[in-house]
Amino acid sequence: MSFDSLSRRSVASGRETVIALAIFAVCYGAVLFVTPFERNAYAFNNFVVLMTPLAIAAAGTTLVLITGGFDLSVAGTISLANVVAATTMAKYPSMLWLVIIGVIAMGLLVGLINGLLIVKVGLQSLAVTLGAFIVLTGIALVILPAPGGEVPESYALALVDPIGVLPVAAIVLAVLAVAWWLFSTSPIGVSAFAIGADRQAARMSGIKVDGVEVLCYTLAGGLYAAAGLYLTAITASGDPNSGRPFLLTCFAAMALGLVGFKGGSGSAVAAMLGAGSLIALPKLLFAAGVEDFWSGALQGVVIILALALPILGRRMSAARAASSASPTARTAVAVQASSTQNPEKVAR
């Protein structure tokens, strides 16, 4: 398995990113069309701010999925990061940056432990990360039994308020998109795609499979913690259950971003766009007068349709390729299929 072939696999996610961008453009464009009060810089800033924690978390989960793993610890890590930040920032305002670094380091440690248990010990990723989610949520409840805490106003405004007309959240997402591009085109990122596509072939190619997998889980934990920090800036408080909604919405965002759940394909940028689509859908359904109890069902239908798009595209491409093949090629394929089904008849 050559490096060039692996590079082509890692950058092939551009098609999914384009489709995810089209889905987001349709969803957000529809919101702007039906709700005039969303057509201003203030509303746009609020929209980007709301999608940012989910986009960061979805980017982290993408790192795990491309290697063929699964991570449910996203919700617990976000909850713990949220309550730790909300209970320490106000007490130590002069040590704000130290608290931020400490929270991200805590997320990296959680991801590292997950990775070691899964890769080195050989436990199932679903079981390990589900257990981590339960443990982390329990620790968050011990630290902050009920919603409360606070953060310095300067911290919240620095991440929520725009710089002129440019949302700070958009800058954060742009930096994350560049970081993903650098990762996905690096030898480590290419190796991660190769592991998800064919673990045994990747190992035989000389890729350090265990190390790459552990690194992806570790980085994912750090991104979950970063999502919790951004959520803290939005709410300006802590809640031990603040991460629970991310348990489902994170994977829904990746579905809308067409991230492959079987490993070997996907893009964090597409997952971030999926997060934007997921934030836009409730706004669109509310503006259309859809009742709340139908909103979830319709979101599910949209997600399923989004997942079906690349499959339909591949089938249509295969059908066009078959129809454009020369008569000689089609005859050869038919003869080969006939010989496979009736070898004795062909021998006679």
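Every read-out reported here was derived from the displayed coordinates using simple, explicitly stated rules and does not represent laboratory data. What you are looking at is a predicted structure, and each value in this text was computed from that prediction instead of being measured. All Cβ positions, even for glycine, are placed from backbone atoms using ideal geometry, and neighbour counts span all protein chains on display.
Each of Tyr224, Tyr92, Tyr217 was scored by other Cβ atoms within 10 Å of its Cβ. Arranged with the fewest first, they read Tyr92, Tyr217, Tyr224. Applying both filters, DSSP loop and at most 15 other Cβ atoms within 10 Å, to the chymotrypsin sites (Phe, Trp or Tyr not before Pro) of segment 239-293 gives Phe261. Packing-based ranking of 158-165, 51-58, 67-74 yields 51-58, 67-74, 158-165, ordered from highest to lowest mean Cβ neighbour count within 10 Å. FRET efficiency for the pair Ala127 and Leu248, taken as 1/(1 + (r/R0)^6) with r the Cβ-Cβ distance and R0 = 22 Å, rounds to 0.75.
Normalising the Debye intensity of segment 3-289 to I(0), with uniform scatterers on Cα atoms only, and taking log10 at q = 0.07 Å⁻¹ returns -0.25.
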